[in-house]
Structure formats: structure tokens, C-alpha cells
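The values are calculated or read from the model by the stated rules, or taken from the named source; none is laboratory data. Just so we're clear, the structure is a prediction, and the values are computed from it rather than from any experiment. Here the Cβ is made from the backbone with ideal geometry for all residues, glycine too, and neighbour counts use every protein chain on show.
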Amino acid sequence: MRLDKFISNSTVFSRSQTGKIIRKGDITVNGSVIKKSAFKVFENDQVQYLGVGINMPKQRYIMMHKPKDVVCSTADGEHQTVLDLLFISKRDNLHIAGRLDIDTTGLILLTDDGQWSHCITSPKHQHAKIYHVSLADEISDEAIKQLETGFTLKGEDKPTLPAKVEKLESKTILLTLHEGKYHQVKRMLAAVGNHVEQLHRQQIGKIVLDDGLKRGEWRLLSADEIKLS
Ligand code: URA
């Protein structure tokens with residue numbers, strides 16, 4: 001991580017104040033004065049401000065129960081964003097691993113650990129995402145077969161990966177996907193002649209939405225949840 005980012009993430013100094021104290025020579029890394037903001041610091045480096053140690057910020061891993069009418073973006077002129085629901089410092093450093101549409105509810109993950117977020121979202125790792133889907137019409141056996149086999153959505157060049165469908169009621173399914181194309185659930189159901197009325201994500205990989213979290217609430221992930229394996 002860059003020295004200026006490390007300091008502004010770990011202290012009360014803003015990025016511009018950080019630049020000034022670095023240029024002044026107030027910062028040492030492993031005992032040597034460093035005056036370059038772009039200097040790279042690593043996990044075991046000893047960084048000090050006027051002789052006082054600064055610790056590497058701990059990375060944060062958060063699950064949130066996203067409500068309807070809240071957008072999964074960092075800023076939006078019109079709607080509340082998921083970051084607006086988080087009353088913690090430096091929330092602009094967080095990114096959302098796996099976004100949901102404005103009208104979708106359920107599990108979203110936020111972190112400032114870029115590698116972890118990449119692993120969660122990368123199709124290479126194929127973390128299953130489980131959606132509870134309420135439909136406008138009854139789901140037919142033929143539609144279930146199509147969803148489970150995979151087919152090419154309009155505008156895509158590759159077929160969808162085989163999904164798992166569990167029929168809970170005639171118009172309600174649990175759908176497990178191993179990828180995350182744009183509006184994938186809604187597009188898949190539309191392609192088999194149905195329409196998604198309500199969509200709720202219950203699980204990503206091993207991480208299950210905590211049923212103690214009401215809509216809009218969040219909590220830090222446990223060490224076990226963070227270990228994705
Ligand atoms: N698929 C969708 O269509 N919408 C979502 O919000 C998530 C998956």
C-alpha cells in the first residue's frame with residue numbers, strides 16, 4: 001500500500017494533511033525518514049509519526065441485509081446507497097462484492113480487502129449465490145430443465161452455467177447460480193417465459209445472511225466466514 005494511503009487509513013489525518021507531514025519529514029519507515037507519498041509499505045514495516053508507531057489498518061469484512069430502494073453504489077444523486085446505511089469511519093474505502101438491483105433484497109458483502117472481494121466475485125472461483133425467487137407464473141418442469149441445463153441469454157456469447165432449482169411452491173423457487181451476469185436471475189426467468197416479482201439473496205459461498213439482521217442492518221463477518229477456501 002502507498003505510504004500516504006496507509007497513514008490516512010490508519011489515523012485521523014486526511015490524504016492532503018498526510019502529504020504535508022510526509023513532505024515535512026515527520027514519518028519514518030523502519031527507522032528511515034521517508035518523504036515520498038508513493039513509497040510502498042508492507043505488512044511488517046514499522047511506520048512512525050514523530051516517533052509514535054502507526055499500525056496497519058485492519059481490513060473490514062461486512063455483511064448487510066440490503067433493503068429495497070437502496071442502491072449498491074458508492075454515490076447516487078437520487079437514492080440512498082448501502083454506504084449511507086453504514087455508520088463507520090472511512091466507509092468510502094469499502095467496495096461492494098456482488099451488487100444487487102435496487103428492488104432486490106438480501107445479502108451483500110462489503111470490504112476494503114480488494115483481493116478478497118475479487119475472489120468472491122470472480123467467475124473463476126464460482127462461489128454459489130442462492131436466491132429466493134417469487135415468480136408471476138407457475139414454474140414449469142420444462143423451465144426448470146432449461147435453467148438447470150443452461151442456455152445463451154440475449155446479448156451474451158456463452159451459455160449460462162448450469163443452475164440448481166429447488167421448487168418451494170408453484171411460484172417460488174430457490175435458485176443457485178455460480179456466476180453473476182448483469183440482472184442474471186431476472187433475465188434467465190424472463191427467457192423461460194416467466195417474470196420475477198421478488199428477489200432476495202440468501203447466501204454467497206458459505207456465507208449465509210444472518211437471520212438476526214433486519215433490513216438495512218449489518219454486522220462484521222466472523223473469522224470463519226472470512227475464510228472462504
Ligand atoms: N440477478 C438479478 O436479476 N438481480 C439481482 O439483483 C441479482 C441477481
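Of all residues in the range 1-20, those satisfying the criterion of being crowded, with 18+ Cβ neighbours inside 10 Å and of a type in the set (A, V, I, L, M, F, W, C) are Leu3, Phe6, Ile7, Phe13. With respect to Thr111, is the statement that it is within 30 Å of Ser134 (Cβ to Cβ), without any contact (Cβ under 8 Å) to a residue 12 or more places away in the chain and β-branched (Val, Ile, Thr) true? Considered against the rule, which asks whether it is within 30 Å of Ser134 (Cβ to Cβ), without any contact (Cβ under 8 Å) to a residue 12 or more places away in the chain and β-branched (Val, Ile, Thr), Thr111 comes out as no.
Of all residues in the range 109-131, those satisfying the criterion of being within 16 Å of the ligand (Cβ to nearest atom) and assigned to a helix (DSSP H, G or I) are Ile120, Thr121. Candidates in the range 21-41 are the residues that are in a loop (DSSP other than H, G, I, E, B) and touching a residue at least 24 places away in the same chain (Cβ under 8 Å); of these, the one that is surrounded by the most Cβ atoms within 10 Å (Cβ to Cβ) is Val41.
A single member of Thr160, Thr152 is in contact with a Gly (Cβ under 8 Å, 6 or more places away or on another chain) and farther than 26 Å from Val70 by Cβ, and it is Thr160.
Each residue in the range 91-108 was checked for being modelled with pLDDT under 95, buried (at least 20 other Cβ atoms within 10 Å of the Cβ) and near the ligand (Cβ under 10 Å from one of its atoms), and 0 of them qualify. Hey, among the residues in the range 132-153 that are surrounded by 15 or more Cβ atoms within 10 Å (Cβ to Cβ) and touching a His at 6+ places or on another chain (Cβ under 7 Å), which one's nearest to His200 (Cα to Cα)? Among residues in the range 132-153 that are surrounded by 15 or more Cβ atoms within 10 Å (Cβ to Cβ) and touching a His at 6+ places or on another chain (Cβ under 7 Å), the one nearest to His200 (Cα to Cα) is His132. Here Gln126 passes the criteria (1) within 21 Å of the chain's Cα centre (by Cα); (2) modelled with pLDDT of 95 or more; (3) surrounded by fewer than 15 Cβ atoms within 10 Å (Cβ to Cβ) except the one numbered (2). The residues of the range 65-82 that are in contact with a Gly (Cβ under 8 Å, 6 or more places away or on another chain) and either assigned to a strand (DSSP E or B) or not assigned by TED's automatic domain parsing to the domain that holds Trp116 (or both), listed by number, are His65, Lys66, Val70. The single residue among Glu166, Glu156 that is out of contact with any strand residue (DSSP E or B) (no Cβ under 8 Å at 6 or more places or on another chain) and either loosely packed, with under 15 Cβ neighbours inside 10 Å or part of a loop (DSSP other than H, G, I, E, B) (or both) turns out to be Glu156.
Hey, among His178, His195, His183, which residue is loosely packed, with under 12 Cβ neighbours inside 10 Å and within 16 Å of the ligand (Cβ to nearest atom)? Just a single option satisfies the conditions, and that option is His195. Within the range 42-67, being loosely packed, with under 10 Cβ neighbours inside 10 Å, at pLDDT below 90 and either aliphatic (A, V, I, L, M) or in contact with a Pro (Cβ under 7 Å, 6 or more places away or on another chain) (or both) holds for no residue.
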